[in-house]
Amino acid sequence: MSSLICPVSTEKVDEKAVRGTALLSFIIAVLFTVKPNLFAAAFLAIDFYSRGFGMKNTSILACSGAGLTQFVPFQSKQINKGPKIFAARVGFLFSVVSFILLLTHYVLASQIVMGVLTVFAFLEWSVGFCMGCYVYTYAVLPFYNKNRKKI
């Protein structure tokens with residue numbers, strides 16, 4: 001685990017709010033996986049886009065997740081926002097792919113993609129485990145380092 005590299009930001013975010021948002025994302029993704037619906041996939045895509053590309057105040061799930069924190073008896077803890085932004089961008093990608101697959105009548109493939117997103121959201125919500133760091137370390141960073149010019 002010490003070899004993982006996560007995107008880093010100077011901004012912090014409340015872990016309880018992040019986990020509340022993950023819970024709401026998880027619920028919608030589960031509902032989609034059980035009964036695929038274009039509106040659910042589109043809603044998740046728009047919401048993940050809002051969180052991943054700097055429009056957090058327009059994210060219904062982020063605002064609702066922050067509101068849920070008042071009902072959670074745990075202490076607030078500020079965590080790095082960088083991995084959460086990256087994870088929201090990955091969630092956006094998964095939601096868009098799922099939407100397109102469903103639109104083109106590849107229902108099972110769409111459910112599988114959303115199922116992966118469901119697992120990621122469940123891990124974040126239940127135990128605070130961010131799969132984004134693994135994706136970043138093993139899927140993004142190797143390509144980023146290959147494309148960097150050596151000085």
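The values are calculated or read from the model by the stated rules, or taken from the named source; none is laboratory data. Keep in mind that what you see is a predicted model, and the values were worked out from it rather than measured. Here the Cβ positions follow ideal geometry from the backbone for every residue, glycine too, while neighbour counts run over all protein chains shown. When the accessible area is computed, the model is the full protein with side chains, heavy atoms only, and any ligands, DNA or RNA have been set aside. Shrake-Rupley method; radii C 1.70, N 1.55, O 1.52, S 1.80 Å.
Conditions (1) assigned to a helix (DSSP H, G or I); (2) more than 17 Å from K84 (Cβ to Cβ); (3) hydroxyl-bearing (S, T, Y), marked per residue:
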site: T10; (1), (2), (3): no, no, yes
site: G20; (1), (2), (3): yes, no, no
site: L24; (1), (2), (3): yes, no, no
site: F32; (1), (2), (3): yes, yes, no
site: Y49; (1), (2), (3): yes, no, yes
**Asked** What is the residue count in segment 27-38 for residues that are under 15 Å from the mean Cα position of the chain (by Cα) and within 13 Å of V96 (Cα to Cα)?
**Response** 1
**Item:** Residue in segment 39-67 that is nearest to the chain's Cα centre (by Cα), counting only those that are in contact (Cβ under 8 Å) with a residue 12 or more places away in the chain and open to solvent by 70 Å² or more (accessible area, probe 1.4 Å)
**Value:** Y49
**Request:** Could you give me the residue pairs with C-beta distances under 8 Å whose first residue belongs to segment 114-129 and is over 18 Å from L31 (Cα atoms), whose second residue is surrounded by fewer than 16 Cβ atoms within 10 Å (Cβ to Cβ) and of a type outside the set (K, R) wherever it lies, and which are 6+ apart or on separate chains?
**Result:** F129/L123
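Condition check: under 19 Å from L123 (Cα atoms), touching a Pro at 6+ places or on another chain (Cβ under 8 Å) and modelled with pLDDT under 90. Does G65 satisfy that? First the steps, then the outcome.
Values: under 19 Å from L123 (Cα atoms): yes; touching a Pro at 6+ places or on another chain (Cβ under 8 Å): no; modelled with pLDDT under 90: yes.
Criteria not met by G65.
Restricting to segment 72-105, count the residues that are of a type outside the set (S, T, N, Q), part of a helix (DSSP H, G or I), open to solvent by less than 70 Å² (accessible area, probe 1.4 Å) and more than 14 Å from E124 (Cβ to Cβ). First the steps, then the outcome.
Going through segment 72-105, the residues of a type outside the set (S, T, N, Q) turn out to be 72-74, 77, 79, 81-94, 96-97, 99-103, 105.
Now narrow it down to the ones that are part of a helix (DSSP H, G or I): 82-94, 96-97, 99-103.
When the remaining residues are screened for being open to solvent by less than 70 Å² (accessible area, probe 1.4 Å), the result is 82-88, 90-92, 94, 96-97, 99, 101-102.
If we keep only those that are more than 14 Å from E124 (Cβ to Cβ) as well, we get 82, 92, 96-97, 99, 101-102.
Matching residues across segment 72-105 total 7.
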